[in-house]
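So the structure is just underneath, and the comments pick up after that.
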Amino acid sequence: MSQPSLSAFIWSVADLLRGDYKQSDYGKVILPFTVLRRLDCVLEPTKAAVLKELAAKTAQGVNPEPFLRRKAGLSFFNQGPLDLPKLLGDPDHIAHNLFTYVQGFSEEVRDIFE
């Protein structure tokens, strides 16, 4: 996605929020979701490998965190089965699923959202 396209998309989301949020509150909503989307995109290529490693290490009774970081190839990971497309696919449970999704991140990422 090009920079102008991304900018237009973000402003279109802001337009959708106009009825629910004051203009001064847009940053409190858009910035966290922009960060969440970026994290989701970065983790997407290794998501399946991380979940497989989680199942294997859990079955062995081993602390999976260092192994999940290695599989993700980053200093953070998400061990939950959800991602943003799955969240959008279940709009009736979006609040619960969003909370569950954020809780699936490693501690460093959860600290950002707290």
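Things to note:
- Members of segment 14-34 found to be open to solvent by less than 50 Å² (accessible area, probe 1.4 Å) and either at pLDDT below 85 or of a type in the set (A, V, I, L, M) (or both), listed by number: Ala14, Leu17, Asp25, Tyr26, Gly27, Val29, Ile30
- Inter-residue pairs, beta-carbon under 8 Å, first free of Cβ contacts under 8 Å to residues at least 24 places away in the same chain and in segment 66-82, second outside any helix (DSSP H, G or I), 6+ apart: Leu82/Gly104
- Asp92, sole failed condition from (1) in a helix (DSSP H, G or I); (2) open to solvent by less than 100 Å² (accessible area, probe 1.4 Å): (2)
- Annotation: of all residues in segment 35-71 being within 26 Å of Glu114 (Cα to Cα) and among the β-branched types (Val, Ile, Thr), the one that is least open to solvent (accessible area, probe 1.4 Å) is Val50.
- For Leu87, the stated conditions hold: it is in a helix (DSSP H, G or I), at pLDDT below 95 and surrounded by 13 or more Cβ atoms within 10 Å (Cβ to Cβ).
The values are calculated or read from the model by the stated rules, or taken from the named source; none is laboratory data. Small disclaimer: the values here were computed from a predicted structure and weren't measured. Here Cβ is always computed from backbone atoms with ideal geometry, including for glycine, and neighbour counts include all displayed protein chains. Just the protein is used for accessible areas: all its heavy atoms, side chains included, with ligands, DNA and RNA removed. Shrake-Rupley method; radii C 1.70, N 1.55, O 1.52, S 1.80 Å.
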